[in-house]
Amino acid sequence: MLPEKQIRIMIVEDHPVFRGGLEMIISAQPDMLLVAQATNADEALSEYRRLRPDVVLMDQRLPGASGTEALIAIRHQYGDARIMMLTTSRGDMEIQRALRAGAVAYALKSTPKHELLKIIRAVSTGRKHIPNDVASLVAEHLGQEDLTARELEVLELIRDGNKNKQIAAQLKISETTVNFHIKNIVGKLQANDRTHAVTIALRRGLLHI
């Protein structure tokens, strides 16, 4: 016998194996109904607009626009959207961005099935859920200044193996300005040097390999 009201769920996930796994888990729950699946941000917005699901399971990393950008687009039009982020990443910057944008929950893809279902049910009733390990990670870096868009560009070029002179040429700025940006980056990330800054940025989700 089906419950009086099922939780209507949309999955936004581009990896077919993981998406199929979620579909099986949700379909086996009598109090849940999978109403839509999307593989990118554009599809997510279109399907949300069409079906208005109760809960969205949003992959953080999608082709093109990220899951956080998809979340922002949906919540811009539907401020009451309940979107929970699913990710493999423990990078605190990605987590902070998603939470600031209005994510109601954040769960790692390694979360056990029973725990994931518990989170979905909690979110459907209007509660929020941030796992303790994720909350601790975010708290560890609260108050630290964000990198600017230009600093991120410089950091990406360092990651790709460019010397300061090459970075200056590519960004059409002086080498002195590059040095200034690197000094700021190292300071903000509390790194020892430019290489250490890249390592920290990768770990925190500011950069991807």
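The values are calculated or read from the model by the stated rules, or taken from the named source; none is laboratory data. These numbers were taken from a predicted model, which means no experiment stands behind them. Here the Cβ positions follow ideal geometry from the backbone for every residue, glycine too, while neighbour counts run over all protein chains shown. What goes into the accessible areas is simple: the full protein's heavy atoms, side chains included, and nothing from ligands, DNA or RNA. Shrake-Rupley method; radii C 1.70, N 1.55, O 1.52, S 1.80 Å.
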**Study point:** Two-decimal Rg to Rh for the chain - Kirkwood Rh, Cα set
**Key:** 1.06
Practice item. For Lys118, go through the lysines and keep the ones whose alpha-carbon is under 29 Å away, minus same-chain ones fewer than eight residues off. Key: Lys5, Lys109, Lys128
Check your understanding: Rounded to the nearest 500 deg cm²/dmol, what is the calculated helix-only ellipticity per residue at 222 nm for the chain, with -39500 (n - 2.57) per DSSP H run of length n ≥ 4?
Key -> -15500 deg cm²/dmol
Check your understanding: So, in nm, how far is label Tyr78 from label His208 when the simple model puts each one 7 Å beyond its Cα toward the Cβ?
Key -> 2.4
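Loop sites only, by DSSP: take the GluC sites (Glu not before Pro) in the chain that have at most 16 other C-beta atoms within 10 Å and name the longest stretch containing none of them.
Numbers: sites that count: Glu4, Glu145.
Segment 5-144 is the longest.
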Practice item. Report the full-extension gain for the segment Glu23 to Thr177: residue separation times 0.36 nm, less the Cα-Cα distance, to one decimal in nm. Key: 50.4 nm
**Study point:** Highest to lowest packing among 95-105, 186-196, scored as the average C-beta count within 10 Å
**Key:** 95-105, 186-196
Practice item. Select from segment 1-75 those trypsin sites (Lys or Arg not before Pro) which occupy a DSSP coil region and have at most 10 other Cβ atoms within 10 Å, ordered by residue number. Key: Lys5
Practice item. Return the Rg/Rh value of segment 23-101, two decimal places, where both radii are evaluated on C-alpha atoms and Rh is the Kirkwood radius. Key: 0.96
**Study point:** Per principal axis, descending, Cα span of segment 145-209 in whole Å
**Key:** 28, 22, 20
Practice item. Work out from phi, with θ = phi - 60° and the Karplus expression 6.51 cos²θ - 1.76 cosθ + 1.60, the ³J(HN,Hα) of each residue of segment 167-181, listed in order in whole Hz, and give x for Gly and Pro. Key: 4, 4, 5, 5, 8, 6, 10, 6, 5, 4, 5, 4, 4, 5, 4
**Study point:** Sequence-distant lysines (8 or more away, or on other chains) whose Cα lies within less than 23 Å of Lys163
**Key:** Lys172, Lys183, Lys188
Check your understanding: Tell me, what % of the accessible area of the chain is carbon and sulfur with a 1.4 angstrom probe?
Key -> 52
Review point. What's the angle, to the nearest 10 degrees (0 to 90), between helix 113-124's Cα axis and the longest principal axis of the chain?
Key: 80
